[in-house]
Amino acid sequence: MNEHHYPHWPPQVPKHLSLPHTNIFYNAEVSAARFPDKPFIVYYDTPITFAEFKDEAERLAGFLQQQCGVKAGDRVLLYMQNSPQWIISYYAILRANAVVVPVNPMNMSAELAHYVEDSGATTILAPQCLFDNVEPLIGNGQAQGPGQGLEHAIVATYSDYLRRPSPVAVPEFVAAPRKTFERAGVTSWQDALDRRIAPGPLTAGPDDLCVMPYTSGTTGRPKGCMHTHRSVMSTLIGGCVWFGSAADGVHLSVLPFFHVTGMQGGMNSAVYSGATIVVMSRWDRDAAAICMQKYRVSAWQSISTMMVDFLSNPRLGEYDLSSLSGARGGGAAMPDAIAKKLKTLTGLDYVEGYGMSETIAATHINPPQRPKPQCLGIPVFDVDARVIDPVSLQELPRGETGEIVVNGPQVMRGYWRNQKATDESFVELDGKRFLRTGDLGHIDEDGYFFMTDRLKRMINASGYKVWPAEVEALMYRHPAIHEVCVIGVKDEKRGETVKALVVPTPAQAGKIGAQEIIDWAHEQMAAYKAPRIVEFVTSLPKSGSGKILWRKLQEEDAARTEAAQANNGGVAR
């Protein structure tokens, strides 16, 4: 194990982390016993105490078990925006000894169907504003997997938790009144709670499956990352210890909970430490600043696009942000100019970290007392991280670029029902099992890790990971598309954005427009995945084996953009 980073380890922080042999729900029981009347969640000025949170999670767990037939080890889909119901649902699923399958609420029906089919889930928790995407998958009996489609849906209304006037603007979909759904298998959230069904015994142990976030890859089909209660515990506790989180902390939780960074740093760590979280269902820079001032927020996790938007607010000087003592995040490198602007405004360094769905958040974090800009950080507790030659698998010396591989307690067990992908994603070095991240990077003289490129084909749009093969698979459903190649192109605001190079069918050549394809794509897939740019071409370059040379197309597009900027005096087109 490399130890070059140990001289820069955070003071007073141990290098080894002893993990509890308990399940994640036990953390909710402990905090509810310690701080029953303390606000755990503040949602548009409505507080939910730790005792209320635990009580509602247990009541919902009982309903899942007795009315939905959820058994130990069953997968249950959680498909919502950030809200009290998301958090309560997550812990209710765990209390039922089941496995949480978090789903991006931006996904549409066609994308959601894969989660149903692959996970074998028969129950989903979803909000009324997304029910139109869920309804076609209920009781159709057409799913091709271990289950036969969705049988039960619990439908939440966000406004049920708006019990006070809000000091910030409430999004329309949050404020919408409760709807009724007269359909077999569909139950309203409130009706489920009102049944007051007590759950059975809590039996899940540290090595049982806990949560299964999905991630895509070169095959285009999202894969479930199997995480146990132990692996989830490692990063949620690790974050608390690394940053010195305490019960009196107040966290602004605006990163999506379906993503591992928001899930661990914005929710699970607070359940463990007893801290208060201020939850927003949609990012709003003024609302964020008002919440920081009103609730004396001490910690905030963000992504670069969020921070750029926040710091560009012309009204920012009107707010008191003096309570903020920590700003951190990851997903994409924070531009140096933005980090300096944050430092000037608040005196705080932006502390970056690095992790994946496969590692349930961070494997690397910058030391808070000595962060480096645009840096992944140093390996955290009990993590052995190396840089290897991706072909020979030999470890490379510091300064040389290779693939980052990691071994640690937070690494997933493997991909759900996909042994081939699991085998391809791991390598054994010195008798230890290492996850191949697919990210190319190097280690500097201090032991800090930096990313230089990606070995995998992936687009990072505003911190959201877009897998081109998945987008291509969906785009081939359009009858006018003969061939398509999706690439990532630079974007001033998003970092990267999605571009599709389309060969139209002969019958449609010259008849269909780019905007028509863009509009159609937005109806078929999550907005962050849908191409923002469509370019029609007569053909796509291919290898001798017939594979489309996506990297060649991406490099050619980047070169054209760079040349155009040079001709325009450095101004992006």
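The values are calculated or read from the model by the stated rules, or taken from the named source; none is laboratory data. For clarity, every value in this text was computed on a predicted model and none was experimentally measured. Here the Cβ positions follow ideal geometry from the backbone for every residue, glycine too, while neighbour counts run over all protein chains shown.
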Worksheet item: Looking at this structure, is Ala526 over 22 Å from the mean Cα position of the chain (by Cα) and either surrounded by fewer than 16 Cβ atoms within 10 Å (Cβ to Cβ) or under 30 Å from Val103 (Cβ atoms) (or both)?
Response: no
Item to complete: Starting from region 157-181, take each residue that is in the same structural domain as Ser83 (by TED's automatic domain parsing) and in contact (Cβ under 8 Å) with a residue 40 or more places away in the chain and list its partners that are surrounded by fewer than 16 Cβ atoms within 10 Å (Cβ to Cβ) and of a type in the set (A, V, I, L, M), counting only C-beta distances under 7 angstrom and pairs at least six apart or across chains.
Response: Leu162/Ala175
Practice prompt. Sort through Glu535, Glu496, Glu556 and tell me the only one that's within 27 Å of Gln81 (Cα to Cα), of a type in the set (D, E, K, R) and under 34 Å from the mean Cα position of the chain (by Cα).
Written response: Glu496
Worksheet entry | Residues located in region 315-364, provided they are within 21 Å of Ile277 (Cβ to Cβ) and out of contact with any strand residue (DSSP E or B) (no Cβ under 8 Å at 6 or more places or on another chain) | Tyr319, Asp320, Leu321, Ser322
Practice prompt. Under 6 Å between Cβ atoms, at least 6 apart or on separate chains: pull out the pairs that start in region 329-350 with a residue that is closer than 19 Å to Phe450 by Cα and among the hydroxyl-bearing types (Ser, Thr, Tyr) and end on any residue that is modelled with pLDDT under 95 and in a loop (DSSP other than H, G, I, E, B).
Written response: Tyr350/Met334
Worksheet entry | Residue list for region 297-315, filter: small (Gly, Ala, Ser) and at pLDDT 90 or above | Ser298, Ala299, Ser302
Item to complete: Keeping to region 461-488, report how many residues are crowded, with 19+ Cβ neighbours inside 10 Å and part of a strand (DSSP E or B).
Response: 9
Item to complete: Go through region 281-304 residue by residue and tally those that are polar (S, T, N, Q), over 19 Å from the mean Cα position of the chain (by Cα) and not in a loop (DSSP other than H, G, I, E, B).
Response: 1
Response to the item:
Scanning region 186-211 residue by residue, those free of Cβ contacts under 8 Å to residues at least 24 places away in the same chain and either in contact with a Lys or Arg (Cβ under 9 Å, 6 or more places away or on another chain) or assigned to a loop (DSSP other than H, G, I, E, B) (or both) turn out to be Asp194, Pro201, Asp207
Practice prompt. Count, please, the residues in region 383-403 that happen to be touching a Lys or Arg at 6+ places or on another chain (Cβ under 8 Å) and within 19 Å of Thr235 (Cα to Cα).
Written response: 1
Discussion item. So if I check each of Lys294, Lys340, which one is more than 29 Å from Phe381 (Cβ to Cβ) and modelled with pLDDT of 95 or more?
Written reply: Lys294
Worksheet item: Quick one: what pairs do we get from region 233-249, first residue closer than 17 Å to Val278 by Cβ, second among the hydroxyl-bearing types (Ser, Thr, Tyr), C-beta under 8 Å, 6+ apart or different chains?
Response: Ser245/Ser269; Ser245/Ser273; Ala246/Ser273; Ala247/Ser273; Gly249/Ser273; Gly249/Thr276; Gly249/Ser298
Worksheet item: Residues in region 418-427: is at least one more than 26 Å from the chain's Cα centre (by Cα), under 30 Å from Ile378 (Cα atoms) and not basic (Lys, Arg)?
Response: no
Worksheet item: Ile41: assigned by TED's automatic domain parsing to the domain that holds Val186, more than 15 Å from His152 (Cα to Cα), buried (at least 23 other Cβ atoms within 10 Å of the Cβ) and under 17 Å from the mean Cα position of the chain (by Cα), yes or no?
Response: no
Worksheet item: Looking at (1) farther than 30 Å from Gly224 by Cβ; (2) part of a helix (DSSP H, G or I); (3) of a type outside the set (Lys, Arg); (4) not assigned by TED's automatic domain parsing to the domain that holds Cys240, which is the one condition that is false for Glu358?
Response: (1)
